[in-house]
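S.K.: I have a structure I would like to understand better, so I am pasting it below and will then ask my questions one at a time.
Read-outs throughout are calculated quantities, based only on the coordinates presented, and are distinct from any laboratory measurement. Everything numeric in this text was worked out from a predicted model, so none of it was measured. All Cβ positions, glycine included, derive from the backbone under ideal geometry; neighbour counts span all protein chains shown.
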Ligand SMILES: [Zn+2]
């Protein structure tokens, strides 16, 4: 069975494709890929098995959909001035649109001896019968992040093959709405794209049955009400991890390409990426109902809510979340794993550990060493009954103050008459605080999280010995 491999860079397919059939291989372009998957779902056939008749039938339905008032406004921003949305009086939109699509379908196996190649897949480019070039009217200006401007100076359009041009026409049906804008979704796991695509098609079918697309107030594109693209990205990851975890292979990443400004902005697109390491962390969180609850609780503490926000809006769809933003921008969220006011960790240590390992790329040995040291510090604080040490560590403002606090704990440890040092010098330098280590705050926070977890009862009990403290 011929199968497209949807992983960038490994898409060589040697099998022969019968003439007149559409090739299934992923081209690495989010819009073309979405379109190929839409065709597969709409025809219920492997794309390379679709006959011209199948494709024309699917195209007829597509035109019917795009001409509805709800879709009209979507298409205006995706394919401005195209046959689907021509406003000229007496313009036969349905007829012209079908004509355009049928021409592409018939052009799929036409071999043109030109020297121009499709910018998406590298096959020979298609020459339109009217001699006109492909422009943003047919192909939205967002092929890939590498192309902010498609047009080489000596050309007035782009080179694209009939297959890719046709796929692009179908792509909007698998778009997703973020903040009111059409957004192409891409994932390097085809199974994920298929389940996502099915949801989009189900949405469209449901609205069709209800005649909802007769109103321009209905969103044509699948819309779950997400205003923030970051939250939408995480929502997709949470949903996939909970509902479709057996489809996931741990290599996934998801991208959202958000189309902006009716194609007027030369960049035209904002790109949001959920990298694989963050996705794996999400999968880990979602696999346990308990971790999931803990995680959602943690998120709920970090939505930015402005005063006077209208009630009734769903915060998790609409509001900026600092944790999501930090995860997407490679900033540490370790500080959110503790609550200094009530001296408690907000997540169990296992989540902290997995976060450090998966997202912060810290090796297990180092995480283990930090945990060991924190556990010994906890023992020392318990045995000396000096909980003020915890506050002193929490409030260390710079690296030298932090080092000094650790030194004081090491001294407490010696005073207790323990065998051997709390930590060897080598281990201290290599795993805890390398010289001039800029990430020291993260290490401090890790130690504090563990101390809160170990010493919570002691720290939350009466504050009476707060003032006694140990000598400085
Ligand atoms: Zn192509």
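S.K.: Using only the Cα atoms of region 158-301, what semi-axes does the equivalent ellipsoid have when each is the square root of 5 times a gyration tensor eigenvalue? Give whole Å, largest first.
M.R.: Its equivalent ellipsoid spans semi-axes of 27, 19, 16 Å.
S.K.: OK, next. In percent, what relative contact order does the chain have, based on Cα pairs under 8 Å that are 6 or more apart in sequence?
M.R.: Over the chain, the number comes to 12 percent.
S.K.: Still on this structure, please answer the following. With each pseudo-label sitting 7 Å past Cα toward Cβ, what's the residue 89-residue 109 distance in nm, one decimal?
M.R.: Here the modelled spin labels are 4.5 nm apart.
S.K.: Related question: Using alpha-carbon positions, what is the distance between the centroids of region 384-452 and region 315-362, in Å?
M.R.: Cα centres, region 384-452 to region 315-362: 22 Å.
S.K.: Multiplying the sequence separation of residue 223 and residue 305 by 0.36 nm and subtracting their Cα-Cα distance, what value in nm do you get?
M.R.: My answer for the length gained is 27.3 nm.
S.K.: Between residue 424 and residue 363, what is the FRET efficiency for a Förster distance of 30 Å, r being their Cβ-Cβ separation, to the nearest 0.05?
M.R.: 0.95
S.K.: If one computes P(r) from the Cα atoms of region 352-466, what percent of pairs lie at distances over 21 Å?
M.R.: The answer is 35 percent, as a whole percent.
S.K.: Next question. Summarise the long-distance tail of P(r) for region 182-261 by giving the % of C-alpha pairs beyond 18 Å.
M.R.: Result: 47 percent of Cα pairs exceed 18 Å.
S.K.: Full extension from residue 211 to residue 245: what is 0.36 nm times the residue separation minus their Cα-Cα distance, to one decimal in nm?
M.R.: Full extension from residue 211 to residue 245 adds 8.8 nm.
S.K.: Related question: Rounded to the nearest angstrom and ordered from largest down, what semi-axes does the equivalent ellipsoid of the chain get from its C-alpha gyration tensor (root of 5λ)?
M.R.: In descending order, the three semi-axes are 57, 23, 18 Å.
S.K.: Okay, next question. Binned at 10 Å from 0, what are the whole-percent values of the Cα-Cα distance distribution for region 402-454, short to long?
M.R.: 21, 52, 26, 1
S.K.: Here's a follow-up. Principal axis lengths of region 30-273 from Cα atoms, whole Å, largest first?
M.R.: Reported extents, whole Å, longest axis first: 49, 39, 38.
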